[in-house]
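Working notes, beginning with the structure itself.
The values are calculated or read from the model by the stated rules, or taken from the named source; none is laboratory data. Quantities reported herein were computed from a predicted structural model and do not represent experimental measurements. Calculation scope for accessible area: heavy atoms of the full protein, side chains included, ligands and nucleic acids excluded. Shrake-Rupley method; radii C 1.70, N 1.55, O 1.52, S 1.80 Å.
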Amino acid sequence: MKRKSFFLAAMGILFLGSMLPSIAQTTSVNQLQATVSGDQQTPYLLNFAGVFTFFFLMLGPIKILVPFVKMTKDTDARFRRKLALMAALISTIGCLVAAFMGQRAMKSYHISISALMLAGGIILFVVALRMVMQMHSSTHGNEATPSAPTFALAAYPLSFPTIVTPYGIAILIILMAAAQDATRQIGIICILFVIMGLNLLAMLFAHTILKFVGVITLLILGSVIGVLQVALGIEIILQTFIKMGVLPKVF
């Protein structure tokens, strides 16, 4: 039963990761312009498939597997299970708090969605570019000896910033602020819960998944997602500049 659950979880995560380019074609960032085109009256940023794609890229499980395995090396299954549950809970609460506090802050400080889009795009581009460059740099010789793992890892660095990324929070705030009704917001929150559930599954089966698919496969998939994030950051910046009239809409 455990092997069957692991296999389904591993296949689900890897399938979603491999399908992202296809999903992204139908949920292009150009759809963001429909919402960003007017800060006051905006129907929505993306359909729910697009929201899932963005969340999977920015808050999803692929980037968690290797760090979690490194953090929990030589620990027992009970410790890993409790750490995963704590990290998933902290991450979910953190995202919810950030979403509603960010939404209120935007209104209080009169921050436009365009400004937040630009900030989110810049953060996504810089962080994703650094991540891609680090994948191809040989820094293993300078790694410090890890300290004994404790449950404090659930908050930092597992939940923040491994699971809950700054650019993930930015897009979450943007989507919540752009939602025009409670139904839309509930849908976004439900998708967030699904992503956090996938994160939990990834952590619970991280050691087995890593043995099953290998580090190389995850590095390749991570590189693809990293490049997609870099391109996504640039696209968000360009679409925001087009909305602001700084750049012409050439395509």
remark   = Mean accessible area per residue over segment 82-237 (1.4 angstrom probe, all protein chains present, square angstrom) is 50
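Give the Kirkwood hydrodynamic radius (Å, one decimal) of segment 105-240, defined as one over the mean of 1/r across all pairs of different Cα atoms.
17.4
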ask   = Which links in Lys107/Lys249; Lys63/Lys107; Lys73/Lys211 stretch past 22 Å when you go from one Cα to the other?
value = Lys107/Lys249; Lys63/Lys107
query = What list of ³J(HN,Hα) values in whole Hz, one per residue of segment 62-71 in order, does the Karplus curve 6.51 cos²θ - 1.76 cosθ + 1.60 (θ = phi - 60°) give from phi, with Gly and Pro shown as x?
reply = 4, 6, 8, 4, 5, x, 5, 5, 5, 5
key: In Hz, Karplus ³J(HN,Hα) per residue of segment 97-113 (6.51, -1.76, 1.60; θ = phi - 60°; x = Gly, Pro)   = 4, 4, 4, 6, 5, x, 4, 5, 4, 4, 6, 5, 9, 6, 7, 6, 5
ask   = Karplus couplings for segment 52-61 from phi (6.51 cos²θ - 1.76 cosθ + 1.60, θ = phi - 60°), rounded to Hz, Gly and Pro as x?
value = 4, 4, 4, 5, 5, 5, 9, 10, x, x
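Take the Cα atoms of segment 177-251, build their convex hull, and give its volume per residue in Å³.
Details: hull volume 9.6 nm³, N = 75.
Hull volume over Cα atoms, normalised by residue count, gives 127 Å³.
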